[in-house]
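Heads up, the thing below is written out as structure tokens.
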Amino acid sequence: MTEISLTPRDRERVLPKLPILFLALVIIAATPQNGAGSERVKILEAPGEMKLRLGGCGGVYFLPDPGELVVEVMKQDRNRKGQTNLRVILFGPDRQVLDEVWMPDDGKAPGSGPGPVQMIRLSATVKHTGVYGLMITSAFDRYGDQALWGFRTNCPRYLVETSRGHRDERHEEPIVLDNADVSGDVCFLPRREAFSLDVAGLPAGGEALTVYDAHGERIATFDISPDGRAAREFPADVHRDAAPWRLHFPRYKAVVNIDGVTRWEKPDLFPNLSLWTPDPKSWFPFHENRWLLAPYSRTVYGEPGSEGTLAFEMRNYALAPKTVNLTLELPEGADLPVRLSTARVTIKPRGVESVELHYRIPETGDAWTCRLRAATEGFSTYSSVFLKRGAAPATKPIAMPLVLKPFRHENELFGYLPDYPVESQVYFDPENRPFAAGSGGVYSWRDGAWGKMNVSKTQGGTEPAPFSPSCSKVGFDADNGAYALATVSGRPALLHSADCGATFTAYPITGTGHFDIEEFSGHNSPQGPPPFVCFTRTAKDPKLKWRSLNDLSLFLPEKREGRIVIPESVLITRLCIGLASHSGIPATIVSRGSKVHVTWAEATDPEKEVPGVPTYVATYDRATSRLGKPALIGYGPPPNDVHNSPSITMDSKGFLHVVVGTHGRPFKYARSLEPNTADGGWTRAEDVGADLSQTYVGLVCDRSDTLHLVFRLWRLPEQYFPAGQYASLAHMTKRPGEPWSKPRLLVVAPFTDYSVYYHRLTIDRRGRLFLSYDYWSTYWFYRTDHPGRRRALLMSSDAGATWKLAETRDLAAGE
């Protein structure tokens with residue numbers, strides 16, 4: 001992009017009356033490589049030009065008119081502790097990345113105080129109205145504590161979204177202002193119910209703060225305490241007719257918290273959406289139109305003449321019905337065979353409606369684009385549809401690692417459009433038919449199509465009852481019976497289906513807590529219905545976040561005269577620390593014949609020094625009703641951390657294999673010395689690799705007895721980022737008698753700093769690997785920008801040598 005230099009007169013013309021704003025849009029043909037564009041960063045000789053000085057990360061949403069758009073982005077390092085590199089990403093309504101720049105650390109020493117003000121100037125010609133945006137992240141500083149940023153723009157309508165990185169605590173996004181030399185405002189949408197507003201970090205001896213409505217009527221004035229604090233309660237009977245409200249600061253330095261704006265409760269209309277603006281004139285109706293149209297884009301491949309349908313959703317976050325007009329916008333002179341199922345939709349308050357876009361791939365040409373526009377009163381935006389000739393790259397093996405890009409995941413990169421349920425991982429019954437359990441029910445492939453079941457018979461009942469799976473695992477018995485854990489009429493139950501998921505019967509479970517069922521991991525074969533366990537919390541440590549005490553109980557269901565009977569459970573331990581199952585989804589149980597093997601991790605006395613969370617395995621023999629003595633396998637550091645859940649599998653000879661979980665440390669591995677028992681001794685637990693920062697065990701054993709381990713792995717920048725650390729999804733293998741392989745990256749995050757993948761590794765009866773994952777960024781701005789999840793399913797039919805994005809034909813091919 002060509003840089004624009006503005007004379008003082010030009011500045012007054014294109015940046016009128018906006019001395020404190022930040023960002024803008026840039027529309028260019030291609031996205032630069034990571035780090036490109038940093039040479040465009042300039043040093044301001046007059047640091048006072050940076051009027052708006054914001055802490056934290058986040059971004060800005062714009063609603064520009066067609067024409068020229070100009071923005072200046074500024075950054076100043078605080079140089080308190082470590083370095084920081086600001087990443088600036090500009091994107092369009094369809095989330096095409098328009099420009100990307102890294103603003104580097106200023107190189108000053110920690111403790112040296114504020115550095116020079118850096119600035120980047122961007123411009124764009126906006127041709128199509130819609131919501132554009134800018135995202136700010138900070139490498140090595142996901143909370144945005146080490147630098148201040150600000151912006152100026154000629155776009156008259158914009159909203160700032162304060163948004164930091166994830167913390168394992170209540171989500172709050174305080175607005176940090178840091179310029180005591182000027183006055184300023186925080187304009188916000190007040191919560192309809194009573195709310196509190198509190199401010200800290202105010203300059204000592206400052207004037208009182210004032211709150212006005214959108215008409216300038218004063219609502220409240222409150223004084224500043226000697227320690228620089230101010231607070232006010234606003235009851236529900238104070239009128240909300242004129243929004244936004246404006247909180248005025250005589251000196252623009254403060255840390256602001258507002259119920260419903262920077263912190264939220266369940267009843268709030270816009271949770272996790274920390275929108276505000278320094279200028280009431282820039283306000284536009286973004287809250288109620290958030291996700292008015294989604295997804296933002298779809299990339300579709302096909303052969304000439306092939307047809308298909310794409311579904312788009314429209315959401316109304318207002319408290320009144322909303323009518324949305326839908327139109328298709330084609331390139332000038334184009335005659336693209338696309339049509340909509342409807343041109344107008346009325347959406348009830350807080351409701352969701354859908355529209356279908358039908359397309360046909362033209363006979364001539366290679367690529368085509370159209371826009372689906374959604375317009376309602378005072379607001380309009382669009383999604384883009386990219387049609388491409390030929391087979392989607394998703395149908396073939398892809399080069400690994402799969403490198404995600406900002407706003408460009410599997411569909412945008414490979415044309416991935418799954419025609420199967422992707423809400424959770426997939427499991428395979430003894431006939432190799434796929435199953436998946438999600439919030440909508442249990443899905444299965446039967447009679448050449450996917451079916452879903454979410455109602456069940458109840459033991460002794462006549463009326464079907466709806467159920468909701470309480471665990472995403474599906475287990476099986478030798479008779480092809482399928483089993484899942486669910487909540488039925490508010491109670492835990494074991495579901496059983498003898499007809500490939502066409503019908504289910506629910507059997508009540510006595511007990512409460514978190515349940516986990518035995519799943520197929522390569523060579524286990526339960527005798528009768530799969531056993532399951534229950535983790536019942538009995539104590540929570542108020543001083544140690546990840547330490548709790550749980551009773552771990554084993555349930556051993558049986559088949560008797562065509563029905564399932566669940567005898568009284570067997571207590572395994574009262575010291576279990578719990579189970580971390582959202583990522584890795586580790587296996588707690590494997591069984592063969594009458595032997596059932598259970599692994600778990602325990603809490604320890606915080607006053608005693610131990611090398612980590614102790615991991616145990618015990619064997620229960622159904623034939624003798626005897627629980628063997630627990631075998632201590634090893635310790636997963638750090639101690640008293642529930643993230644360190646272990647996983648167990650067995651090989652074709654019956655030997656047990658356990659990977660001891662850790663939190664950011666190398667996993668530990670051990671193998672039983674005798675097959676099909678935990679009582680005959682174990683190899684010494686050893687690191688699976690040196691100096692690996694590993695978390696969340698996913699473990700299976702293939703037909704050649706090779707162990708496959710998938711986990712989150714922290715990495716330093718390497719070739720993917722110019723600065724910062726990032727979390728990748730990685731794979732390791734262990735062939736019989738050989739050491740563990742080196743980690744191989746499978747998925748690389750689009751952003752630095754904290755990430756999690758919610759990954760789940762499974763295996764089918766032919767030994768094919770299936771890896772379900774859903775990238776989750778630490779940055780709230782990115783996570784809340786897109787509605788719903790983006791889970792994808794990778795598969796490998798050659799023991800992890802190559803991977804492709806799965807299709808229904810891959811899943812059904814296992815039959």
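So here's what we get for this one:
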item	result
Estimated vicinal HN-Hα couplings, Hz - segment 155-164 in sequence order (Karplus 6.51, -1.76, 1.60; Gly, Pro = x)	6, x, 10, 7, 9, 8, 10, 6, 7, 9
Computed Rg/Rh of the chain, alpha carbon atoms with Kirkwood Rh	0.99
Nitroxide proxy distance, nm - points 7 Å out along Cα→Cβ at GLN719 and LYS348	5.3 nm
Set of lysines with alpha-carbon distance to LYS81 below 30 Å, sequence-local pairs under 8 removed	LYS42, LYS51, LYS108, LYS253, LYS405, LYS543, LYS545
Value of [θ]222 nm, deg cm²/dmol, for the chain, DSSP H segments ≥ 4, -39500 (n - 2.57) each, nearest 500	-500 deg cm²/dmol
Gained length - LEU319 relative to LEU571, 0.36 nm times residue gap less alpha-carbon distance	85.6 nm
Over segment 126-239 - Rg/Rh using Cα atoms and the Kirkwood inverse-distance radius	0.98
Estimated D of segment 162-308 in µm² per second, where Rh is the Kirkwood radius over Cα pairs and Stokes-Einstein applies at 4 °C, 1.567 mPa s	76 µm²/s
Full-stretch length increase - ARG783, GLU377 - with 0.36 nm per residue and alpha-carbon distance subtracted	143.5 nm
Relative contact order of the chain, pairs being alpha-carbon contacts under 8 Å that are 6 or more residues apart, as %	9 percent
Potential extension, THR487-THR369 segment - 0.36 nm per residue separation minus Cα distance	38.0 nm
Global form of segment 242-313, assessed from the alpha-carbon gyration tensor, a/c cut-off 1.5	prolate
Peptides 594-603, 535-544 ordered by average Cβ neighbours within 10 Å, highest first	594-603, 535-544
Shape category assigned to segment 46-113 from the gyration tensor of Cα positions, a/c cut at 1.5	prolate
Stokes-Einstein translational diffusion, segment 733-794 - Kirkwood Rh over all Cα pairs, 1.567 mPa s, 4 °C, in µm²/s	92 µm²/s
Sites GLU45 and THR538 - FRET efficiency at Förster radius 56 Å, r taken between beta-carbons, to 0.05	0.30
Shape call, segment 419-578: gyration tensor on alpha carbons, a/c limit 1.5	prolate
Label point 7 Å beyond Cα of GLU303 along Cβ direction - residues of segment 363-400 with amide nitrogen under 14 Å	363, 389-392
Per-residue ³J(HN,Hα) for segment 435-450, Karplus 6.51 cos²θ - 1.76 cosθ + 1.60, θ = phi - 60°, Hz, x for Gly and Pro	9, 8, 10, x, 4, x, x, 10, 9, 8, 9, 8, 6, x, 7, 7
Packing-based order for 322-330, 295-303, using average beta carbon neighbours within 10 Å, highest first	295-303, 322-330
Peptide ranges 739-745, 369-375 listed from the most packed, as the mean C-beta count within 10 angstrom indicates	369-375, 739-745
VAL455-THR683 pseudo-label distance in nm [points 7 Å out on the Cα-to-Cβ vector]	5.2 nm
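A short reminder: the numbers here are calculations on the coordinates, not readings from a lab. None of the values given here were measured: they were computed from a predicted structure. As a convention, Cβ positions derive from the backbone with ideal geometry for all residues, glycine included, and neighbour counts pool all protein chains shown.
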